[in-house]
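First the structure, in the form of structure tokens, and then the observations on it.
The values are calculated or read from the model by the stated rules, or taken from the named source; none is laboratory data. Predicted, not measured: the structure shown is a model, and the values here were computed from it. Cβ coordinates were reconstructed from backbone atoms using ideal geometry, including for glycine residues, and neighbour counts include every protein chain displayed.
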Amino acid sequence: MTRFARLRKRTSSGLALAVALVAVGIGYSVAAPTSSAQESGLSVEAMAGQELFENGCITCHGRNLQGVEDQGPSLIGVGEASVYFQVSTGRMPLAQQEAQAQRKAPVYDDTEVNQLMAYIQANGGGPEMPSEGDLRDGDLAEGGELFRLNCASCHNFAGRGGALSSGKNAPSLNPSSDLDIYTAMLSGPQNMPVFGDNQLTPEDKRAIINYVQTLKETADPGGLSIGRAGPVPEGLVIWVVGIVGCVIACFWVGTRS
Ligand code: HEC
Ligand code: HEC
């Protein structure tokens, strides 16, 4: 073999190698995204949730939801109910490490909350959202009984909340929506116990919600009160109006006779 022929052979095999590498590269970049989407088996909604998760939650909850030591717990199997509670009450994303996540204005809108729920539910399942329908259609008296038995020790008899040990507290139930209460029971955030459907049936939960929400409505001291000053000035107004009314009535009776 001449030097020239050897050189040509070397360059041509080098060229073939380069072509092969480029082909593999292109093939990979074309095939990879579709095959990984197929492998993950995620719905479009869940994939959108994954993207939100990777931008807002991954630093504390980990790439595969497995949790990050000293940052945040594993979210595998916590379920969509827990995600709903944490994200729609604004507790998550946590701004900084604190003794207890606080309720604040939510960062994500309803669509995004649903996407996050779909993504986390697709990883390990867990407690699901209640089926559609009125969440207050339970029995009021029974709800009161169940509330005093299961909730009042931490949240106070009037649902106003109270202190717990080591700087934590059970918050007031005043800002809670029906769904917030339902999903809090299903997921048991932080120091609150989980009330699964075998501890409190869906009917029990609806009864409790009915009771809590009715309590809030009736605990309002002044239905028509003057500047919300309460029942005392309201009584005064009724008294004055009543006296004046009586006097007018007397005059009216007097002029007639
Ligand atoms: C700065 C860290 C941090 C960030 C960011 C963060 N989390 Fe959390 N997350 C936590 C911690 C800490 C807890 C435990 C809170 C507690 O016990 O009060 C938690 C708890 C949760 C829980 C309850 C888990 C359970 O056991 O029921 C859910 C659900 C959750 N986070 C979802 C999210 C989602 C979704 C995001 C992104 C939108 C997010 N978190 C962002 C730190 C974080
Ligand atoms: C052992 C004490 C304890 C008991 C019992 C308990 N909770 Fe809680 N609850 C808590 C704590 C602590 C939080 C705050 C969790 C957090 O912020 O991460 C909480 C939070 C909540 C919230 C969220 C409030 C908000 O911000 O909207 C609701 C709703 C709630 N609880 C309802 C209930 C109901 C209903 C029961 C009874 C079935 C109950 N809890 C029983 C301790 C308790």
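Quick check on the stretch 143-185: of everything there that is among the aromatic types (Phe, Trp, Tyr) and away from ligand 1 (no atom under 15 Å from the Cβ), which residue is surrounded by the fewest Cβ atoms within 10 Å (Cβ to Cβ)?
Across the stretch 143-185, the extreme among qualifying residues is PHE157.
Among the numbered conditions (1) within 11 Å of ligand 1 (Cβ to nearest atom); (2) under 23 Å from VAL194 (Cα atoms); (3) touching a Leu at 6+ places or on another chain (Cβ under 7 Å), tell me where PHE53 comes up short.
Going through (1) within 11 Å of ligand 1 (Cβ to nearest atom); (2) under 23 Å from VAL194 (Cα atoms); (3) touching a Leu at 6+ places or on another chain (Cβ under 7 Å) one by one, PHE53 breaks only (2).
Which pairs turn up if I take residues in the stretch 186-204 that are within 12 Å of ligand 1 (Cβ to nearest atom) and look for partners that are of a type in the set (Asp, Glu) with beta carbon separation below 9 Å, at least 6 apart in sequence or on another chain?
These pairs meet every condition: LEU186/GLU128; LEU186/ASP197.
Name, by its number, the condition in (1) among the aromatic types (Phe, Trp, Tyr); (2) modelled with pLDDT of 95 or more; (3) more than 10 Å from ligand 2 (Cβ to nearest atom) that does not hold for PHE157.
(2)
Could you look through the stretch 81-105, keep only residues that are within 9 Å of the chain's Cα centre (by Cα) and more than 10 Å from ligand 2 (Cβ to nearest atom), and pick out the one that is surrounded by the most Cβ atoms within 10 Å (Cβ to Cβ)?
VAL83
If you go through the stretch 154-174 one residue at a time, do you hit one that is touching a His at 6+ places or on another chain (Cβ under 8 Å), hydroxyl-bearing (Ser, Thr, Tyr) and within 22 Å of ALA81 (Cβ to Cβ)?
Yes, there is a match, as at least one residue in the stretch 154-174 is touching a His at 6+ places or on another chain (Cβ under 8 Å), hydroxyl-bearing (Ser, Thr, Tyr) and within 22 Å of ALA81 (Cβ to Cβ).
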